[in-house]
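Participant: I have a structure here, written as structure tokens, and I will follow up with some questions on it.
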Amino acid sequence: MFLSRIVRHDLDSIDSPSSMASSKKVVTREEWERKLRDVKIRKEDMNRLVMNFLVTEGFVDAADKFRIESGTQPEIDLATITERMEVKRAVQSGNVQEAIEKINDLNPTILDTNPQLYFHLQQQKLIELIRAGKINEALEFAQEELAPRGEENQTFLEEIEKTVALLVFEDVKNCPYGELLDVSQRLKTASEVNAAILTSQSHEKDPKLPSLLKMLLWTQNQLDEKAAYPRINDFTTAALEDPSI
Amino acid sequence: MVANQQAEAASAVAPGAEATVDPMRLASRWRSQEEWQRAVEAEDEPAPSELNTVNSSGLFAVVSPDKLSVRYLSSHNHGHDVGVVQANCPAPTRRAVYYFEMGVRNAGYKGQTSIGFTSDGFKMRRQPGWESNSCGYHGDDGYLYRGHGKGESFGPKFTSGDTIGAGINYLLQEFFFTKNGSLVGSCPKEVKGPLYPTIAVHSQGEELTVNFGKEPFCFDIEGYILEQKMRQQSVTDKLNLPPDISHWIVRSYLLHYGYQDTLSSFDMANTTDPPANLQNGYGEPPEMYGLSHRKLLRQFIMSGDIDSTFKRLGEWYPQVIKDEKSVICFLLHSQRFIEYIRAEQLEDAVKYARANLASFLTHKAFEGLLRETLAVLAYEKPEESCTGYLLDSPQREFVADAVNAAVLSTNPAMKDPKNCLYSCLERLLRQLTVCSLERRAFNNDQGDAFLLHKELQNYERSRRP
């Protein structure tokens, strides 16, 4: 009786430090691979995920080919992608007026219901005028079209001030707001336009795939707290790495 | 349907299957639409549907015959004659949120009705919240009670005509309560173990009805769940992915399955469209191998032309069909048979089955699948039968994927045979599913787990106007 108690006590004390040090459950590669194998994933669902990516990112030709090759129906009319991409391309190449007209052809409520988008497009138009060196035209446009918008909204006003400041610098490289003339500013406006059109077509503005990849990052991080298991660290190879114990 | 289990069992012993790549593993895709639906619903545990009439304080209250309402019978003399009733089973946990509502039909003499959650051994004569293993929102003072007789200021009082809701948010580990469709507030869920939806009456004339979801809820629970999901997504959205990783994964998917035309258009768009111009130094995926052959083989199978598939395989990759008893041969012969049925050439189908399929019946591994395939013959309208899904195009695609995997496996440079079966995207999705299930297991089985099929269904649903 006594002896067994002592023995058990000893065992406990041997046990506990190690279990304290790593209370994490260890899942071996073999066990993990069995679990991976048991997952049921439908090919059609993966196809839909890929189609969703092609459609949302505007790969219209690829989406059409994928429809034929995989038999997956796109979630929206592919013709609307073409129109959306034309608008996007117009902004990217600096033809803001053309973009505005195309958006209104597509759906006149888009700009009416998105004052911020409309403002950013007008701001982009001003930027393009300044870039083209059309100083008078730029000034006129700023005074007639943009200034009234600044009166309604403090953020708009600040944006206008930054943009107009570009005019004052002979060499815009010295202007603290010079990045407005970067290609990245066009891309930013273009992706805002893209998102607004998708939303107007009751389509999510972002493809699903990246958010699932982020979910994988997050879930692996969360699981790290509880267990040591084979992780995937390199998403391009999706190779399992042995758990570090 | 037994075919799946047999298909999976087959993967262990299929004769002639190369030791490295076993296309039978893809056979978990060999299932009907209904089976997929069941796989998703298997997540759903039993949910409360009515009040428990056995374990209730029968002395003090009476539950109606439809088991969806309760009325106080006693005269309220002290704190131990509460008419408290639990639901017939605990709230399910494998979901983001559980929620139910009660309607106060009559607030009675003192309006001491309440709603909340109680655990297994709860004293069935006390208000939810008064005991340590419970939590409740009370109508007479609008207080929240969590574990003792003293409540804390929480929300408005409630009375006759009000609809009160109680829920468990498993993501945040919170209880929350609503009144007439508006959120009242929440508190940390400190009670462990299975929790029963619970309502109570405690003065003359008090009467409550309960709604476990059979009727539409007063509170917009769908909107609430969506909000919770968005909140969680905004956390994960902050994480950074390697640049253009989605493009890379989509591209390697197209390569893996030999969707060559899509791939060309995709690559073309990426070179002409500057923002997506992504020469990102990841290098070429290992799946360029046999691309144009694999594309053609897929086209043949998808159009039902199995004869050409055999012919071309014999020319290009004879090793794949060398063993006549191999999985690939079995799948192709079965598909040829199915194509005869599709074309309504029943005599040819029978002739073909005798010549090419009968011998597979002696192989345990194929027996189940084969029986199911042959059963198609028995129906006048096979497409409406329980094996009718074999006539659908996903079955063609399954065979095409198996052939694709077999061809990929002939690549001497392919190091890991698993990579022949599963694309990079599929391996990532499998990892996500397992991680998510494991994480939930650590969390006492609480919360929803990732299932691609369910995820896409929810997505479709959210897009419907």
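Participant: What's the magnitude of the charge dipole for region A:76-200 around its Cα centre, counting Lys and Arg as +1 and Asp and Glu as -1 at the beta-carbon? Answer in Debye, nearest 20.
Facilitator: Values: 12 positive and 22 negative charges, 87 e Å.
Using Cβ point charges on Lys, Arg, Asp and Glu, region A:76-200 gives about 420 debye.
Participant: In addition: In peptide B:255-266, how many Cβ atoms from other protein chains are near each Cβ within 10 Å, on average? Write down the numbers at each step before the final one.
Facilitator: Details: counts 0, 0, 6, 1, 8, 2, 7, 14, 4, 3, 9, 10.
The shielding value for this peptide is 5.
Participant: Setting aside same-chain residues fewer than 8 positions from residue B:150, which aspartates and glutamates have a Cα under 12 Å from its Cα?
Facilitator: Straight-distance partners of residue B:150: B:131, B:141.
Participant: Rounded to whole Å and sorted largest first, list the principal axis extents of the Cα atoms in region B:128-209.
Facilitator: 35, 26, 23
Participant: Which residue, B:177, B:449, B:266, has the largest displacement toward the positive end of the dipole of chain B when charges sit on each Cβ (Lys, Arg +1; Asp, Glu -1)?
Facilitator: Value: B:177.
Participant: Next question. Chain A: longest stretch without exposed GluC sites (Glu not before Pro) (DSSP loop, at most 13 other Cβ within 10 Å), sites themselves excluded?
Facilitator: Segment A:1-169 is the longest.
Participant: What average number of partner chain Cβ atoms lie no more than 10 Å from the Cβ of the residues making up B:111-117?
Facilitator: Numbers: counts 0, 0, 0, 0, 0, 0, 0.
Mean partner-chain Cβ count within 10 Å for B:111-117: 0.
Participant: How many percent of Cα pairs in region B:379-439 exceed 20 Å? Intermediate results must be reported in sequence, preceding the final value.
Facilitator: On the way: 949 of 1830 pairs.
Cα-Cα pairs of region B:379-439 separated by over 20 Å account for 52 percent.
Participant: What's the Kirkwood radius of region A:76-200 in Å, using all Cα pairs?
Facilitator: Value: 14.9 Å, from the Cα pair sum.
Participant: Shifting gears a bit: Could you go through region B:396-411 in sequence order and give the Karplus-derived ³J(HN,Hα) for each residue, using 6.51 cos²θ - 1.76 cosθ + 1.60 with θ = phi - 60°, rounded to whole Hz, and x for Gly and Pro?
Facilitator: Listing the rounded values in order: 4, 5, 4, 5, 4, 5, 5, 5, 4, 5, 5, 5, 4, 6, 7, 6 Hz.
Participant: Whole number please: convex hull volume per residue, Cα atoms of the protein assembly as shown, in Å³.
Facilitator: Details: hull volume 176.7 nm³, N = 710.
Dividing the Cα hull volume of the protein assembly as shown by its residues yields 249 Å³.
Participant: Per 10 Å bin, what is the whole-percent P(r) computed from every C-alpha pair distance within chain B?
Facilitator: Binned Cα distances yield the sequence 4, 17, 20, 16, 14, 13, 11, 4, 0, 0.
Participant: Contact order normalised by length for region B:92-218, with contacts defined as Cα pairs under 8 Å and 6 or more residues apart; what percent is it? Working shown, then result.
Facilitator: On the way: 328 pairs, mean separation 44.7, N = 127.
RCO, region B:92-218: 35 percent.
Participant: Please give the helix A:208-224 orientation as an angle from the longest Cα principal axis of chain A, in degrees from 0 to 90, rounded to the nearest 10.
Facilitator: Between helix and principal axis, roughly 30 degrees.
Participant: Which lysines does residue B:381 reach when only Cα atoms under 30 Å apart count, and residues fewer than 8 places away in its own chain are ignored?
Facilitator: A:40, A:43, B:351, B:364
Participant: Rg (Å, one decimal) plus Dmax (Å, integer) for the alpha carbons of region A:31-134?
Facilitator: 19.9, 68
Participant: Rounded to the nearest 500, what is the 222 nm mean residue ellipticity of the protein assembly as shown from helices alone, with -39500 (n - 2.57) per DSSP H run of 4+ residues and division by all residues? Could the numbers behind the result be given before it?
Facilitator: Values: 28 runs with 342 residues, N = 710.
Calculated mean residue ellipticity at 222 nm is -15000 deg cm²/dmol.
Participant: Can you work out the base-10 log of I(q)/I(0) for chain A at q = 0.09, 0.11, 0.18 1/Å, using the Debye formula on its C-alpha atoms alone?
Facilitator: Calculated log10 I(q)/I(0) at the listed q: -0.64, -0.79, -1.26.
Participant: Starting from the Cα of residue A:24, draw a straight line to each of the lysines and keep only those under 17 Å, dropping any in the same chain fewer than 8 residues away.
Facilitator: A:226
Participant: Using θ = phi - 60° and the Karplus curve 6.51 cos²θ - 1.76 cosθ + 1.60, what whole-Hz ³J(HN,Hα) does each residue of region B:444-451 get, with Gly and Pro shown as x?
Facilitator: Along region B:444-451, the couplings run 6, 6, 9, x, 8, 10, 6, 9 Hz.
Participant: Determine by what factor the alpha-carbon radius of gyration of region B:326-465 differs from 2.2 N^0.38 Å, reporting the quotient.
Facilitator: Details: Rg = 19.7 Å, N = 140, 2.2 N^0.38 = 14.4 Å.
Scaled against compact globular proteins, the figure is 1.37.
Participant: While we're on this one: Against the empirical 2.2 N^0.38 Å scaling, what ratio does the C-alpha Rg of region B:61-211 come to? Don't skip to the end; give the middle numbers.
Facilitator: Working: Rg = 13.7 Å, N = 151, 2.2 N^0.38 = 14.8 Å.
Here the Cα radius of gyration is 0.93 times the empirical estimate.
Participant: Per residue, what volume in Å³ does the Cα convex hull of region A:157-245 take up? Walk me through the numbers on the way to the answer.
Facilitator: Details: hull volume 18.2 nm³, N = 89.
Dividing the Cα hull volume of region A:157-245 by its residues yields 205 Å³.
Participant: Taking the number of other C-beta atoms within 10 Å as the exposure measure, put B:94, B:126 in order starting with the fewest.
Facilitator: Details: B:94 17, B:126 21.
The fewest-first ordering by Cβ neighbours comes to B:94, B:126.
Participant: Below 8 Å, C-alpha to C-alpha, sequence gap of six or more: please give me the relative contact order for region A:76-200 in percent.
Facilitator: On the way: 108 pairs, mean separation 40.0, N = 125.
Normalised by residue count, the contact order of region A:76-200 is 32 percent.
Participant: Give the average, rounded to an integer, of partner chain Cβ atoms located within 10 angstrom of each Cβ in A:48-57. Working shown, then result.
Facilitator: Working: counts 5, 9, 10, 1, 2, 7, 6, 0, 0, 8.
If you average over the peptide's residues, the count of other-chain Cβ atoms is 5.
Participant: Beyond 15 Å, what share of the Cα-Cα pairs of region B:167-227 remains, rounded to the nearest whole percent? Spell out each step's value before the answer.
Facilitator: Values: 1129 of 1830 pairs.
Result: 62 percent of Cα pairs exceed 15 Å.
Participant: Another question, if that's okay. Excluding the sites themselves, what is the longest stretch of chain B that contains no GluC sites (Glu not before Pro) in a DSSP loop with at most 14 other C-beta atoms within 10 Å?
Facilitator: Values: sites that count: B:43, B:190, B:324, B:344, B:380.
The answer is B:44-189.
Read-outs throughout are calculated quantities, based only on the coordinates presented, and are distinct from any laboratory measurement. Bear in mind that the values here come from a model prediction, so they are computed numbers and not experimental data. Counting neighbours? That spans all protein chains shown, and the Cβs are built from the backbone with ideal geometry, glycine included.
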